[in-house]
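The structure appears right after this line, and notes come after that.
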Amino acid sequence: MSKEPEVPFYLALDPGGSTGWATFTEAGNGITMGTCKNRDQVYTLLKNIKPSCIIMEDWVTQQNAALGGDRLEVLRVIGAVEFYCHIRQIPLHEQPNTIKPVGYMWAGVAKARSKADSHERDAYVHGVYYLQKAGIRTPQQGLNRL
């Protein structure tokens, strides 16, 4: 007899040109994670996962940042997620990138060695941070699942 697949309740996102994502059960156990390489893949992810709650890294431009010629994919992804949450009436919890050091510590996972490989881990630690802060997840819960 096969076990029923776990249904993602929470979806955590690290938005950008490459968007990291991680899913969690309602009890806060990690299910899976990955990286969307473009905005169309983010749209497909949202369509297929249908989460009940989304946790997403917020993004603010740096005051001295030179953005000439940048298509600002991160803002386009954030806007798409905000709209998705609005039309589906799904709670959206945004948090600053400054929570990542604590999130990594609480998750008990190592940072990726390169920026290109960091997106899914960053999404995962955003989820862990939010879920532990909200009392949904306990420290070190579900580490062996990912």
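Just a few scattered comments:
- Partner lysines for Lys100 [C-alpha distance under 29 Å; skip if fewer than 8 residues away on the same chain]: Lys37, Lys47, Lys50, Lys111, Lys115, Lys133
- Burial ordering of His119, His93, His86, fewest other beta-carbon atoms within 10 Å first: His86, His93, His119
- Exposure proxy order (Cβ contacts within 10 Å, fewest to most) of Thr25, Thr32: Thr32, Thr25
- Estimated inter-spin distance, Val102 and Phe83, nm [label 7 Å along Cα→Cβ]: 3.3 nm
- Ser52, Ser18, Ser114 arranged by Cβ crowding within 10 Å, fewest neighbours leading: Ser114, Ser52, Ser18
- Counting Cα-Cα pairs of the range 69-123 in 5 Å increments starting at 0 gives whole-percent bin shares of 4, 15, 18, 20, 19, 16, 7, 1.
Throughout, read-outs are computed from the coordinates displayed, never taken from laboratory work. It should be emphasised that the depicted structure is a prediction, and the values quoted were computed from it without experimental measurement. When we count neighbours, we look across all protein chains shown, and the Cβ atoms used for this are built from the backbone with ideal geometry, even at glycine.
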